[in-house]
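Asks: Below: one structure in structure tokens.
The values are calculated or read from the model by the stated rules, or taken from the named source; none is laboratory data. The structure presented is a predicted model; accordingly, all values stated were derived computationally and were not measured. Every residue, glycine as well, gets a Cβ built from its backbone with ideal geometry; the counts of neighbours run over all protein chains shown. Side chains are part of the model used for accessible areas, which takes the heavy atoms of the whole protein and leaves out ligands, DNA and RNA. Shrake-Rupley method; radii C 1.70, N 1.55, O 1.52, S 1.80 Å.
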Amino acid sequence: MLKEYRSIISISGPLLLVEGVEGAKYEELVEIRLDDGSIRNGRVLEVDRDHALVQVFEGTSGIDLENTRVRFMGRGAHMYLSPDILGKVFTGLGKPKTENDRIIAEKSLDINGSPINPYARDYPNEFIQTGISTIDGLNTLVRGQKLPVFSGSGLPHNRIAAQIARQSAVLGKKEEFAVVFVAIGITFEESQYFINDFKKTGAINRSVLVLNLADDPAIERIATPRVGLTCAEYLAFEKDMHVLVILTDMTNYCEALKEVSAARKEIPGRRGYPGYLYTDLATIYERAGRIKGRKGSITQIPILTMPEDDKTHPIPDLTGYITEGQIILSRSLHKKRISPPVDVLPSLSRLKDKGIGEGKTREDHADTFNQLYAAYARGKEVQELAVILGEAALTDIDKIYYKFAEDFENQYISQGEYENRTIEETLDLGWRLLSVFPRAELKRVRDEFLDKYLARFKKDEDNQEGPGA
Amino acid sequence: MEKVGRIVRVAGPLVVAEKMGGSRMFDVVQVSEMHLMGEIIEFKGDLASIQVYEETGGIGVGEPVYPEGEPLTVELGPGLLGSIYDGIQRPLDAIYENIGDYITRGVSAAALDREKKWDFMPLVKEGGRVEAGDIIGMVQETELIKHYIMTPHGISGIIKKIGQGQFTVEDIIAVVDTAKGEAGISMIQKWPVRKARPYRQKYNPDTPLFTGQRVIDMFFPLARGGTACVPGPFGSGKTVIQHQLAKWVDAEVIIYIGCGERGNEMTDVLMEFPELVDPKSGVPLMRRTVLIANTSNMPVAAREASVYTGITMAEYFRDMGYSVALMADSTSRWAEAMREISGRLEEMPGEEGYPAYLGARLASFYERAGVVKCLSSADERTGALSVIGAVSPPGGDLSDPVVQATLRVVKVFWSLEANLAYSRHFPAISWLNSYSLYNDVIRESITANVSEDYFDLQAEAMRLLEKESELEEIVRLVGIDALSGPDRVVMLTSRMLREDFLHQNAFHDIDTYSSIEKQHKMIDTIIYFYNRALDHLRMGANIRDIEEMGVRDRIARMKYVPKEEINKIDDIKKDIDSQFAAMIGEKS
Ligand SMILES: Nc1ncnc2c1ncn2[C@@H]1O[C@H](COP(=O)(O)OP(=O)(O)OP(=O)(O)O)[C@@H](O)[C@H]1O
Ligand SMILES: [Mg+2]
């Protein structure tokens, strides 16, 4: 029998302090019964002698000191699971959203998970073709990677995430896949955008939706990504599926964490976020990857909006310190109507090196992407220079770089929402753009590849005179 | 009767227990019936604050705490090399075999294999006298490393018996007659991690420690037994540099600590190192390496301990007379673990919430580096421990307290810059802001063993790069055409230095490692080009022609010259001469 307590002695923000408690455990699940019979959920943040500090997921409004009753459930928060979770919708706490979303559970797992033993991990190295050139060509995604999208308010991050979810494929393979879509405090429209897209492609039957929307309780968001990742781990490592997890918007998650920390009067770290934000985020982002001897994998695409487009804000900053690269969206490209507005220079996939090259994408991939980066970086510099000096002042070679940067943005970065480019198309496009340079400029490409590929695309340039030649 | 404490408070990784009177600061305890390992970090009366090395979810008030009566120690002995441990030396491979894919709580496994037999070779005779630190025998632990068995601390006397042949780490291999009676010695020793291992004498570093990384070896060199830090924003290349050092640094034993970083990065090392071979011996690099992996999602208290676990192992190999290099990626995560625990203890916070003792802890960690005359009464062996720490400041901001406290103690600063990383200039070590304070102390060794003109070339290259950054301002405002001929040669040469020398691709089979000989030839060639270009400019050559010279291409490809062919780099000078000659010829 679980004992009920009517001894809340203080309420502050999302927190309750309960006294006279016996045997409460840290991280234990709590049920709070209000006077009107409604039930809320909480978890124990701290126990101190006979006091328990409880964080209430649904917020504390309406809770009073006299009549509200608190029960300690004797276990942590769990998610109930079976293969039937595919196609179902859950709340941000992992409860079925409607009657139709009920399942007969085969097992339940603690939503906090356990750390994967680093020795048990298998290195992510399988190329995922997303059909988006700026990702496949320059920021290659591999199975088991965690690659966030750093966006800003009003930028089309959802479009990219949906396009990735729609088009992702591993070359030459037909395997069981699933999508876990985790909405953290986003609007109804935003979440509907994804759901409609999943419906259109039929992916909805292979998806688990965990939804905490903008008008759902804010503190619940602390549990939401963990619920989603528990589903993902179950599907990937017990049911052999390749799972793509979309977490959006992690900024809302961090705000919830900040709120709790402030209510606990903890010493804040930078800009009011708790000092343990890094570690806390890591316990979410590190729940991605591959495990030796298991068929499935978890690939994570967390999305976050950078407050004031500031990359050094603690949320993107600490995320970047944990994830394996980042896709950054640029407001200036967006204004130029380049879409998807991927800011190529600061974007990075750290696992690309293991996922590209002969037998995976193509032998020339590494060299060409290095060259494209370098050329675009120089092209951008030249463009800045031209703003000050005027285009006429540019040297001949700089004029080529200038033009290249423009073409690169219009042809390579920019692509249609439903345009699904193969990796060959992306790589060839890169060569075509590079072919305007004299060969000596292409220092980052090995001779053998220049011999083999450059000629193919150089042909149409024959009548044009290369400068310096 | 064994004393048992009782939990009165649980707050994240911190547990407070009462009735802990019999224990001492930093003693290890076991928390609850799950036997979670923890360490006492504060006493108030009989209330002990304990940092717990495992997750504390499900632990509550009233549960027992069992004192172990000794501080946190590591096991030292044959079997360390090639292992992967968590922050408190639990072997992750054994845990994987026994428990499975996830690290669950309360697991324990012996750090050193108890079953495995090692071939022990005695190196002292019965009847001889030994003191603490004296080598009594040896085990060929891997092809690369002879593991010397040293007389444990606290033991001295006459060797009464010593074995030879197959023994496990726990078997008695020798018996010593001491003042207090007979003492048996096995191959396993324990050492408390927070206490530096003793040595006879410390020396100033005086030899370079080459890493095969050009910007480091030629510009900001490390010394054997020295300290360095690599601060930089995320994605700037800290981990790649640390991995590069672990692969190619000219040390005999490597301790690599993944402290609060990514799981996949440890997997990367685990998968790659057995395949990569040491350039000198041809033996897989894993055979000289110990990995400590306490990743970001593993408990923070164990993360706090991981750097101590690692450096104690490093000192142990140093004490055998080896040159050991330790990498810690990232010390910021260690500092954050300290901050978190300190916050839970409600200590008075210093800057950015870090505890006031942050600086002291960092200093005493790096102070465990050095060149030492090892503890021994029988020989004069020296060992060295070099320490390289990555630092991850928020937003890459170098005013961060961890960066600042680190810079106060380390002698080499490799500053990674986001702008370089964005333009894919790797390693993104800034040539303008980085420094090495070892240039002077290693001067003699370098001029004697590498080349007479190493420092001249270094100074000249540096001068050119500094000049370039000044000129860049002008170019930005008025264009390159406004520069004089000689200044344009500076721009051209500096670009070569940056792109063809400093830029080094860690993932290219040849470029990943450059011997110091190759580095010297490369930079010498570029500076030679510079001087010839200035000469010919004076003789009337056209700057545009110089900028278009074909030999530039050969210079750009020097880095891809394989190590067997590095003499071919010398030929480039002939090309430079003949192309300049041709240029002047055309003119007249
Ligand atoms: N020497 C190099 N050669 C080629 N590529 C490099 C080199 N150094 C870094 N890179 C590239 O930069 C990426 C990021 O490097 P790395 O993971 O070392 O960054 P980091 O500073 O450790 O970041 P974090 O602080 O987030 O861990 C690598 O994945 C790689 O693509
Ligand atoms: Mg790193």
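Asks: Could you please find all residues in the range A:156-181 being open to solvent by less than 10 Å² (accessible area, probe 1.4 Å) and in contact with a Pro (Cβ under 7 Å, 6 or more places away or on another chain)?
Replies: If the condition is that a residue be open to solvent by less than 10 Å² (accessible area, probe 1.4 Å) and in contact with a Pro (Cβ under 7 Å, 6 or more places away or on another chain), then A:Ile160 is the only one that fits.
Asks: Now for a separate question. Looking at the structure I just gave you, is B:Ser330 closer than 23 Å to B:His243 by Cβ, within 16 Å of ligand 1 (Cβ to nearest atom) and polar (S, T, N, Q)? Can you show your working first?
Replies: Working: closer than 23 Å to B:His243 by Cβ: yes; within 16 Å of ligand 1 (Cβ to nearest atom): yes; polar (S, T, N, Q): yes.
So B:Ser330 passes the test.
Asks: Which one of the conditions (1) within 16 Å of ligand 1 (Cβ to nearest atom); (2) part of a helix (DSSP H, G or I); (3) more than 14 Å from every other protein chain (Cβ to nearest Cβ) does B:Pro427 fail to meet, given that it meets all the rest?
Replies: With (1) within 16 Å of ligand 1 (Cβ to nearest atom); (2) part of a helix (DSSP H, G or I); (3) more than 14 Å from every other protein chain (Cβ to nearest Cβ) applied to B:Pro427, the lone miss is (2).
Asks: Here's another thing I want to ask about it. Has the range B:529-548 got any residue that is outside the structural domain of B:Lys280 (by TED's automatic domain parsing), open to solvent by less than 40 Å² (accessible area, probe 1.4 Å) and within 26 Å of B:Lys247 (Cα to Cα)?
Replies: No.
Asks: I would also like to ask the following. Identify, please: which residue in the range B:211-253 is within 16 Å of ligand 2 (Cβ to nearest atom) and part of a loop (DSSP other than H, G, I, E, B) and is, among those, nearest to B:Ile145 (Cα to Cα)?
Replies: B:Gly237
Asks: Answer yes or no as to whether A:Asn100 is open to solvent by 50 Å² or more (accessible area, probe 1.4 Å) and outside any loop (DSSP other than H, G, I, E, B).
Replies: Spelling it out, A:Asn100 is indeed open to solvent by 50 Å² or more (accessible area, probe 1.4 Å) and outside any loop (DSSP other than H, G, I, E, B).
Residue-by-condition table, conditions (1) in the same structural domain as B:Ser236 (by TED's automatic domain parsing); (2) over 16 Å from A:Tyr119 (Cβ atoms); (3) within 17 Å of the chain's Cα centre (by Cα):
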| position | (1), (2), (3) |
| --- | --- |
| B:Pro279 | yes, yes, no |
| B:Leu285 | yes, yes, yes |
| B:Val290 | yes, no, yes |
| B:Glu315 | yes, yes, yes |
| B:Ala325 | yes, yes, yes |
| B:Arg333 | yes, yes, yes |
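Asks: Turning to a different aspect of this structure: Please enumerate the residues belonging to the range B:272-290 that are without any contact (Cβ under 8 Å) to a residue 60 or more places away in the chain and either among the β-branched types (Val, Ile, Thr) or touching a Cys at 6+ places or on another chain (Cβ under 9 Å) (or both).
Replies: B:Val277
Asks: For the range A:261-286, enumerate the residues that are open to solvent by 10 Å² or more (accessible area, probe 1.4 Å) and among the β-branched types (Val, Ile, Thr).
Replies: The answer is A:Ile267, A:Thr279, A:Thr283.
Asks: Is it the case that the range B:211-222 has a residue that's within 16 Å of ligand 1 (Cβ to nearest atom) and either farther than 30 Å from B:Ser494 by Cα or in the same structural domain as B:Arg498 (by TED's automatic domain parsing) (or both)?
Replies: No: zero hits.
Asks: Residues in the range B:277-290: is at least one under 23 Å from A:Lys146 (Cβ atoms) and more than 16 Å from ligand 1 (Cβ to nearest atom)?
Replies: So far as the range B:277-290 goes, no, none of its residues is under 23 Å from A:Lys146 (Cβ atoms) and more than 16 Å from ligand 1 (Cβ to nearest atom).
Asks: Among the residues in the range A:287-301, are any open to solvent by 40 Å² or more (accessible area, probe 1.4 Å), out of contact with any Asp or Glu (no Cβ under 9 Å at 6 or more places or on another chain) and not polar (S, T, N, Q)? Please lay out each step first, then the result.
Replies: To start, the set of residues in the range A:287-301 that are open to solvent by 40 Å² or more (accessible area, probe 1.4 Å) comprises A:290, A:292-295.
Right, trim to out of contact with any Asp or Glu (no Cβ under 9 Å at 6 or more places or on another chain) and you get none.
No, the conditions are met nowhere in the range A:287-301.
Asks: Ok, one more. Does any residue in the range B:412-428 that is on the phi < 0 side of the Ramachandran plot and among the hydroxyl-bearing types (Ser, Thr, Tyr) come within less than 7 Å, Cβ to Cβ, of a residue that is within 11 Å of ligand 1 (Cβ to nearest atom) and not in a loop (DSSP other than H, G, I, E, B) six or more places away or on a different chain, and which pairs are these?
Replies: Taking only residues 6 or more apart or on different chains, the pairs are B:Ser415/B:Pro231; B:Ser415/B:Ile429.
Asks: Related question: Can you pull out every residue in the range A:315-342 that is in contact (Cβ under 8 Å) with a residue 60 or more places away in the chain, touching a helix residue (DSSP H, G or I) at 6+ places or on another chain (Cβ under 9 Å) and not in a loop (DSSP other than H, G, I, E, B)?
Replies: Within the range A:315-342, A:Ile315, A:Pro316, A:Thr319, A:Gly325, A:Gln326, A:Ile327, A:Ile328, A:Leu329, A:Arg331, A:Leu333, A:Val342 meet the criteria.
Asks: While we're here: Anything in the range B:88-113 that is part of a loop (DSSP other than H, G, I, E, B) and among the hydrophobic types (A, V, I, L, M, F, W, C)? List them, or say none.
Replies: At the first step, the residues of the range B:88-113 found to be part of a loop (DSSP other than H, G, I, E, B) are B:88-90, B:99-101, B:103-113.
Once the filter is applied, which keeps residues that are part of a loop (DSSP other than H, G, I, E, B) and among the hydrophobic types (A, V, I, L, M, F, W, C), the range B:88-113 yields B:Ile88, B:Ile99, B:Ile103, B:Val107, B:Ala109, B:Ala110, B:Ala111, B:Leu112.
Asks: Being surrounded by 23 or more Cβ atoms within 10 Å (Cβ to Cβ) and closer than 30 Å to B:Asn294 by Cβ narrows it down to one residue among A:Asn117, A:Asn125; which is it?
Replies: After ruling out the rest, the residue left standing is A:Asn117.
Asks: Moving on to the next point. Out of the range B:473-494, which residues are in a helix (DSSP H, G or I) and free of Cβ contacts under 8 Å to residues at least 12 places away in the same chain?
Replies: B:Glu473, B:Ile474, B:Arg476, B:Leu477, B:Val478, B:Ile480, B:Asp481, B:Ala482 - these are the residues of the range B:473-494 that are in a helix (DSSP H, G or I) and free of Cβ contacts under 8 Å to residues at least 12 places away in the same chain.
For (1) of a type in the set (Ser, Thr, Tyr); (2) away from chain A (no Cβ under 14 Å), each residue gets a yes or a no:
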{"site": "B:Tyr435", "(1), (2)": "yes, yes"}
{"site": "B:Val441", "(1), (2)": "no, yes"}
{"site": "B:Ser445", "(1), (2)": "yes, yes"}
{"site": "B:Asn449", "(1), (2)": "no, yes"}
{"site": "B:Leu464", "(1), (2)": "no, yes"}
{"site": "B:Glu473", "(1), (2)": "no, no"}
{"site": "B:Arg476", "(1), (2)": "no, no"}
{"site": "B:Ile480", "(1), (2)": "no, no"}
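Asks: Only one residue in B:Ile572, B:Ile510 is under 17 Å from B:Gln213 (Cα atoms) and either open to solvent by 50 Å² or more (accessible area, probe 1.4 Å) or among the aliphatic types (A, V, I, L, M) (or both), so which one is that?
Replies: Exactly one of B:Ile572, B:Ile510 is under 17 Å from B:Gln213 (Cα atoms) and either open to solvent by 50 Å² or more (accessible area, probe 1.4 Å) or among the aliphatic types (A, V, I, L, M) (or both), namely B:Ile510.
Asks: Among the residues of the range B:95-109, are any of a type outside the set (Ser, Thr, Tyr), away from chain A (no Cβ under 14 Å) and under 18 Å from B:Gln189 (Cα atoms)?
Replies: No, the conditions are met nowhere in the range B:95-109.
Asks: What pairs come out if I take residues in the range B:258-271 that are part of a helix (DSSP H, G or I) and pair them with residues that are open to solvent by 10 Å² or more (accessible area, probe 1.4 Å) and within 11 Å of ligand 2 (Cβ to nearest atom) whose C-beta lies under 6 Å away, six or more apart or interchain?
Replies: From the range B:258-271, the pairs are B:Glu265/B:Thr239.
Asks: Confirm whether B:Ala196 is more than 14 Å from every other protein chain (Cβ to nearest Cβ), away from ligand 2 (no atom under 13 Å from the Cβ), in contact (Cβ under 8 Å) with a residue 12 or more places away in the chain and buried (at least 22 other Cβ atoms within 10 Å of the Cβ).
Replies: Answer is no for this residue.
Asks: In the range A:312-329, is there at least one residue being in contact with a His (Cβ under 8 Å, 6 or more places away or on another chain), more than 8 Å from every other protein chain (Cβ to nearest Cβ) and of a type outside the set (Phe, Trp, Tyr)?
Replies: Yes - at least one qualifying residue is present in the range A:312-329.
Asks: Residue pairs, Cβ under 7 Å, 6 or more apart or interchain, first in the range B:292-304 and farther than 13 Å from B:Leu36 by Cβ, second of a type in the set (Asp, Glu) and in a loop (DSSP other than H, G, I, E, B). List them.
Replies: What qualifies is B:Ala293/B:Asp86; B:Asn294/B:Asp86; B:Thr295/A:Glu286; B:Thr295/B:Glu261; B:Ser296/A:Glu286; B:Ser296/B:Glu261; B:Asn297/A:Glu286; B:Met298/B:Asp86.
Asks: Ok, one more. So if I check each of A:Thr395, A:Thr368, which one is buried (at least 20 other Cβ atoms within 10 Å of the Cβ), out of contact with any strand residue (DSSP E or B) (no Cβ under 7 Å at 6 or more places or on another chain) and of a type in the set (Val, Ile, Thr)?
Replies: The match here is A:Thr368.
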